[in-house]
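Taking it in order: structure first as structure tokens, then the write-up.
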Amino acid sequence: MDEVLGQTIEELVSETEALVPIITFNQDLDGILGGGIALQKVTELFGESGVGKTTLCCQLALDVQIPVSLGGFESECLFIDTENTFLKERVRRMAEECASHCRNIEPSSHLTTESLLNGIHLIRCGTVDELREIIHDVEDYIRVHSKVKLIVIDSLAFPFYTGTEKFSERGKVLYEIFEKLFRVAVNQSVAIVVTNNMTTRFTVEGRFEYTIPFLGQIWTHIPNVRLLLEFNGKIRKAKLEKGTPQGRKTAVFKITSAGIR
């Protein structure tokens, strides 16, 4: 990582803050993130099942493609699906709404449902070894597919569920993955988004105690930005657990058939 940071951390942070982020289609959520999902950083989305992590990832995969004139990048997304939760028909509906929304604001927009779906490069994998192989080759992939400005791993935790890695080995593998992703993020000026699931912590007597992010305490220090998605009754909230933006740290969001709103 020293080679990547040879220009000094201060210079890198300054350059990163100058980059336009990827909007989420939720003004409050963008607000706590400093405008959206940052390029040249690794952002972690974590929370319990069903709270909206995958939906937000799919929304970002579409948002990165919208025209520059509407706050987008006119770029593409590499989506690494480890849980088989990327459902094409669900994303198609979101794409229809995204294209329609952009055309309503800018009638000359050439975005269509099909062009948005074609702008998502989907790779499926299920094991740690398969994920490491993909990550190893990801920089070469980005060089070939130069329009990619967002890489999503949904979820980073899942391959480790059934893996045989010991806890200490898991930390080494996670740092190896992060180092490669961060190098790609900086060198290729892309945004990296990974999701992390929750697991239950029990007392020695076997009673439920609380839930914690599955990847463990070591991982919490690794991503540049950490965003907790949680339920508050029937309301979904996003809480910035780690990141540079100042001020309000919590946003309310909802999930509709159109996506994140």
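The values are calculated or read from the model by the stated rules, or taken from the named source; none is laboratory data. Nothing here was measured: the structure is a model prediction, and the numbers come from that model. Note: ideal-geometry Cβ built from the backbone for every residue, glycine included; neighbour counts use all protein chains shown.
Rundown of residues vs (1) surrounded by fewer than 17 Cβ atoms within 10 Å (Cβ to Cβ); (2) more than 17 Å from the chain's Cα centre (by Cα); (3) farther than 27 Å from residue 73 by Cβ; (4) free of Cβ contacts under 8 Å to residues at least 60 places away in the same chain, yes/no style:
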| residue | (1), (2), (3), (4) |
| --- | --- |
| 128 | no, yes, yes, yes |
| 149 | no, no, no, no |
| 153 | no, no, no, no |
| 157 | no, no, yes, yes |
| 185 | no, no, no, no |
| 196 | no, no, no, no |
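The set of residues in segment 48-88 being buried (at least 24 other Cβ atoms within 10 Å of the Cβ) and in a loop (DSSP other than H, G, I, E, B) consists of 64, 65, 66, 82.
Conditions tested, residue by residue: (1) assigned to a helix (DSSP H, G or I); (2) at pLDDT 95 or above; (3) of a type in the set (Lys, Arg); (4) over 16 Å from residue 37 (Cα atoms).
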| position | (1), (2), (3), (4) |
| --- | --- |
| 170 | yes, no, yes, yes |
| 186 | yes, yes, no, no |
| 195 | no, yes, no, no |
| 205 | no, no, no, yes |
| 209 | no, no, no, yes |
| 222 | no, no, no, yes |
| 236 | no, yes, yes, yes |
| 240 | no, yes, no, no |
| 247 | no, no, no, yes |
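The C-beta contact set for segment 24-50 (first residue free of Cβ contacts under 8 Å to residues at least 12 places away in the same chain, second residue not polar (S, T, N, Q), distance under 6 angstrom, 6+ apart or interchain) comprises 30/23; 30/36.
Among the residues examined, residue 163 qualifies as surrounded by 14 or more Cβ atoms within 10 Å (Cβ to Cβ), in contact with a helix residue (DSSP H, G or I) (Cβ under 6 Å, 6 or more places away or on another chain), at pLDDT below 95 and assigned to a loop (DSSP other than H, G, I, E, B).
Taken over segment 93-109, the residue count meeting the criterion of being loosely packed, with under 14 Cβ neighbours inside 10 Å and either under 20 Å from the mean Cα position of the chain (by Cα) or polar (S, T, N, Q) (or both) is 2.
Restricting attention to segment 25-50, the residues being of a type in the set (A, V, I, L, M, F, W, C) and more than 14 Å from the chain's Cα centre (by Cα) number 2.
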